[in-house]
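S.K.: One structure, pasted below without further comment.
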Amino acid sequence: MGEPREVAKFGEIADGEAKLVEVDDKEIALFNSGGKFFAIDNECTHVGGPLCEGELDGRTVTCPWHGAEFDITTGEVLAPPAEENVGCYKVVVDGDSIKIEV
C-alpha cells in the first residue's frame, strides 16, 4: 500500500451515507458508519453495481442492482448473488482530512 491520499473532508459524508471517490483511476466507495469511515471497491463483484449507491445498514452495504451484501469493514461477501469479496482499504482520519491507502 502507498501513502494515504486525501479523498474527502470530515463532515462531507453524513452518518449512514457514502461517497464515490477516485484514487489512481480506481473507484472506491467511502462510507460513514457511526462516525467511522470505511473504504471498499465501488464495483460489486456480481455484475458491477455501484456500491456507493447501495443501502447501508450498520456495516453492511446492499448492492442497488441485485441485492448482494458486503461487509464495509472487510470487503467480505455476506449474501449472494456475489461470490467474490471486494477490495478493502485502510482509512486514516487526520484532523478534518479523510485519507485512503491504496
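S.K.: Between 77, 61, 23, where does the largest GNM mean-square fluctuation fall for the chain, given springs only between Cα atoms within less than 10 Å?
M.R.: Comparing 77, 61, 23 in a Gaussian network model of the chain, the most mobile one is 23.
S.K.: Just to be sure I follow the definition: excluding the sites themselves, where is the longest run in the chain that has none of the GluC sites (Glu not before Pro) in a DSSP loop with at most 15 other Cβ atoms within 10 Å? Working shown, then result.
M.R.: Numbers: sites that count: 12, 17, 76, 83, 84.
Counting at most 15 other Cβ atoms within 10 Å as exposed, the longest clean stretch of the chain is 18-75.
S.K.: So how far apart, in nm, are the two label points at residue 94 and residue 15 if each is 7 Å from Cα heading toward Cβ?
M.R.: Each label point lies 7 Å from its Cα, and together they span 2.7 nm.
S.K.: Expressed as a fraction of 2.2 N^0.38 Å, the rule-of-thumb size for a compact globular protein of N residues, what is the C-alpha radius of gyration of the stretch 5-101?
M.R.: My calculation over the Cα atoms of the stretch 5-101 gives 0.98.
Readers should treat all values here as calculations from the given coordinates under stated rules, not as data from a laboratory. Computed from a prediction, not measured in an experiment: that's the story for all the values here. Note that we place each Cβ from the backbone using ideal geometry, even for glycine, and neighbour counts take in every protein chain shown.
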